[in-house]
1. To the nearest 10 degrees, how steep is helix 13-29 against the longest Cα principal axis of the chain, on a 0 to 90 scale?
2. Scan around Tyr157 for amide H atoms under 5 Å from its own, H built in the peptide plane at 1.01 Å from N, and keep only partners 5 or more places away or cross-chain.
3. Short version: ³J(HN,Hα) in whole Hz for each residue of the range 211-219, in order, from phi by Karplus 6.51 cos²θ - 1.76 cosθ + 1.60 (θ = phi - 60°), x for Gly and Pro, what are they?
4. How large are Rg and Dmax for the range 250-399 when calculated on the C-alpha trace, in angstrom?
5. Once you compute Rg and the Kirkwood Rh from C-alpha atoms, what is the Rg to Rh ratio for the range 71-145?
6. Over the chain, give the accessible area per residue in Å² for a 1.4 Å probe, as an integer.
7. Quick check: net charge around Glu560, other residues with Cβ under 11 Å of its Cβ, Lys/Arg +1 and Asp/Glu -1?
8. Where does the charge balance sit around Leu452 when Lys and Arg score +1, Asp and Glu -1, over other residues with C-beta under 12 Å from its C-beta?
Amino acid sequence: MKFTEMPYQRPDDERMEQRYRTMAEEAAACTGTAALTALIDEHEQIAKEYRTMESLAYIRHSVDTTDPFYEGEMAFFDARGPIFAEAQKAFKRALAAHPLRSGLEEEIGPLFFKNLEIELRTSSEKSVPLQQRDNEICTAYEKLLASASIPFRGGDYNLSEIQSFQLSSDRETRKAAWEATAGFFTAHAEELDKMYDELVHNRDEQARLLGYPSYLRLGYDRMGRNCYGPEEVRRFREQIVRDAVPVAARIKAAQAARLGIERTMYYDNGNVFPDGNPKPAGGEAEILDAARGVYHRMGEETGSFFDYMEANGLFDLKSRKGKQTGGYCTSLPLYGSPFIFANFNGTAGDVGVLTHEGGHALQSYMARDQRFLEYAEAPMETCETHSMSMELFCARFAKDFFGPDTGKFLRYQLEDAFCFLPYGCMVDEFQEIVYETPSLTPKERKQTWARLEKKYRPWISFDGVPFFEDGGYQRQHHIYSAPLYYIDYCLAQTAALSFWTQSLQDWEGAFARYLRFTRAGGTKTFTELLTEAGLPSPFEEGGVRAVCEQVERYLAALPE
């Protein structure tokens, strides 16, 4: 079904909630696994219905945050979502405690129940009011960012549109564009401080109500992390600091030499070539034409996927006033359809976001016939491996997207992918410190961010603009709206670079392993899937170093 024809109707949440409570009683009374699996199938149908309506409301709100109807629907989901989740958990608790659970595990698999037990720890009726308020603040934050109208050289631009000036080959232009962007955040600094301060204390209170020592552990459980914890992530970050930061610093020193500058300022960090970064050979229509050809040349399954997306209007790619910033992919389970949202702005990022979200969408498309949502949807480090790997696999077809800028793009893409690792780990360590020390003041949080910049990105100078000098974390919306998510990108990027390393020797074989990895969805843990794909775990000592060495060798062989 075409996206424009998908009907939206606010879920009858009270009916659904009552049905879940009744299902919990029925499950407890079941004496056979057949009756229990029938109840699980009913749960899946209710969950798909609710999730689809929530996704429709979210998409239609994010494409136009000024639409009062969908703004009201998002307020409904912000308020009712935690209540619905608690009713759903009544049924899940009955499953987890059932004496016939071992029989169900044989049919469904033990991971279903391991994930279920993690989920059951993460909320209770006591935490619902706090979760509702958390949702409200995040929605308000995203709306504030979407409202940005940044005056610049005779025009007014949102946070996505201004990026084309931030990446200008003219240094004064990009400096001025970054200063104008900083002006928006400085004007709203007090409001942003209050939002984040309330979120931190709210989340800490949620954790303590649920018996966690801090939000850090609760956040890991809410992310569904079922094969590692904070200790493993700290070891990974240590490898990044020891092995990846020096390589990134050398890459950035080479970029500075290429640009003819002595010191990399914050407004230089995204620029790789003195005559400008690579640009797609065309606009939205040309990029979609190229992507169509690429996905068909990758294989029959990927070609069918792309045709399905286009035929059903499952893209919204243009940047517009009032549109939410960023990009995402979400799913509409009742229709077996993914949806890709982006903000094209004429930069290489247009191809990056389309192929990145294309990896998410491909996984959702391949999982559309999965019996259980719990297996169709993987934890986020696995999902981000789907997307980040797809970006790198598409490098083989860079000429289709970039034409004469293909050579520039190959260097730009790899340098950008690798140098993201220190930044992503910085975001993660910042959040760990914040949630382990919720008493920090807004000023102390900014000082913490500024200190971590020197640890993870020592090549950048932020002199001259107070917003960045003081710690400019407020522009990273994941810190507000998706707590503890960002390390998933780093773990996934490391895995994606391992897939890329394999593809240099055997692209078809590596891509076949990637498709198996992706098709598996959430049926296995992240580390199990890596092992099956022949990839090292990011948590293993030496895994990061191996990626660093391959990246440096490849970049050294590219023409300047």
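1. Computed tilt is about 60 degrees.
2. Placed amide hydrogens put Ile150, Phe152 under 5 Å from Tyr157.
3. After applying 6.51 cos²θ - 1.76 cosθ + 1.60, I find x, 8, x, 7, 6, 3, 5, 4, x Hz.
4. 17.4, 58
5. That ratio equals 1.13.
6. I get 39 Å² per residue for the chain.
7. +3
8. +3
The values are calculated or read from the model by the stated rules, or taken from the named source; none is laboratory data. Just so we're clear, the structure is a prediction, and the values are computed from it rather than from any experiment. Glycine also receives a Cβ, built like all others from the backbone with ideal geometry; neighbour counts cover every protein chain displayed. Side chains are part of the model used for accessible areas, which takes the heavy atoms of the whole protein and leaves out ligands, DNA and RNA. Shrake-Rupley method; radii C 1.70, N 1.55, O 1.52, S 1.80 Å.
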